[in-house]
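The values are calculated or read from the model by the stated rules, or taken from the named source; none is laboratory data. Keep in mind it's a predicted model, so treat the numbers as computed, not measured. All Cβ positions, even for glycine, are placed from backbone atoms using ideal geometry, and neighbour counts span all protein chains on display.
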Amino acid sequence: MKLILEYANKNHILINLNETNDSRSYPLLRICYDNNIDMAKVLIKYANKNNNILELNQKENNGKIMKILINYENKNNIVLRINETDIFSNYPMLVAIMNNSIESVRLLIEYANNHYITLQLNSMNKNEINQKNYYGDYPLLYLCKINDSTKVNLLFEYVNHTQYCINNYRDKDGKFPLLWTTYNNNIDMTQLLIKYSTEKNVELNLNEKDNIGNYLLLYAIDHSINLSMTQMLFEYASASGHNVILNLNGEDIKNIYNI
């Protein structure tokens, strides 16, 4: 890449740095995806020298490269298009989370706040925080799936300052955030979900099953090393205003197959 750019400069050839392929990928996007910080600096240096404004609608990111891009944006008075999706329906916040980059998550939130941008965490409507990608993942569900309490807390800190309402959408396997936190026996994350749903008046369906018939109470009994999770679900079900009757007799298809 460096040799190509040097050749272009020497021969007064202006390279289109923003041209995309069929997958909507372009040089800077690939550099971000490959985590090539040195190459990112080379590309931005070329763009500055030739007054070539880079398209910075990045979807693949990490903390160090994001800082480089934000500095470039500030110098060129560009607002990053941080809410766009690629052909796989991935978007910056989801990619930052899936890449396990807490620095990128923090930078995205900080950048969005500084530029009065509402992070696109939803595609359903403006009152939801659930944009499913091609595989049915979205930030909250993915974090519950991988049992990442730190980023879940960051996400809730952000949405608590907005009018978003977190719903209980399913992934391609029929699982939803509360089912994942119960499966992972994560008491703190389950408490956080229940607390948020209560504060925002979002009713949690405790009897919903995934695609193979698993449901909350079954996971709570199967995966809990103590009674805390089961007790928490019973307390939520019996709390004033919920009137939820937990399914005590359901069978999961997986266990039926094993008979």
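Laid out as a table, the results:
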{"read-out": "Qualifying residues in region 225-238 (those that are touching a residue at least 12 places away in the same chain (Cβ under 8 Å) and surrounded by fewer than 17 Cβ atoms within 10 Å (Cβ to Cβ)) - the one nearest to Asn153 (Cα to Cα)", "value": "Ser228"}
{"read-out": "Given (1) of a type outside the set (Ser, Thr, Tyr); (2) modelled with pLDDT of 90 or more; (3) buried (at least 19 other Cβ atoms within 10 Å of the Cβ), number of the condition Asn122 does not satisfy", "value": "(2)"}
{"read-out": "Residue that is nearest to Ala220 (Cα to Cα), among those in region 157-178 that are at pLDDT below 90 and aromatic (Phe, Trp, Tyr)", "value": "Tyr169"}
{"read-out": "Some residue of region 62-78 being surrounded by 17 or more Cβ atoms within 10 Å (Cβ to Cβ) and modelled with pLDDT of 70 or more", "value": "no"}
{"read-out": "Test: residue in region 93-103 that is under 30 Å from Leu178 (Cβ atoms), of a type outside the set (A, V, I, L, M, F, W, C), at pLDDT 70 or above and surrounded by 17 or more Cβ atoms within 10 Å (Cβ to Cβ)", "value": "yes"}
{"read-out": "Residues (in contact with a Lys or Arg (Cβ under 8 Å, 6 or more places away or on another chain) and under 30 Å from Ile117 (Cβ atoms)) located in region 176-210", "value": "Phe176, Trp180"}
{"read-out": "Some residue of region 185-208 being of a type in the set (A, V, I, L, M), out of contact with any strand residue (DSSP E or B) (no Cβ under 6 Å at 6 or more places or on another chain) and over 23 Å from Leu154 (Cβ atoms)", "value": "yes"}
{"read-out": "Selection within region 175-222 - in a loop (DSSP other than H, G, I, E, B), surrounded by 16 or more Cβ atoms within 10 Å (Cβ to Cβ) and of a type in the set (D, E, K, R)", "value": "Lys175, Glu208, Asp210"}
{"read-out": "Residue check for Asn184: under 18 Å from Ile97 (Cβ atoms), polar (S, T, N, Q), in contact with a Cys (Cβ under 8 Å, 6 or more places away or on another chain) and touching a residue at least 24 places away in the same chain (Cβ under 8 Å)", "value": "yes"}
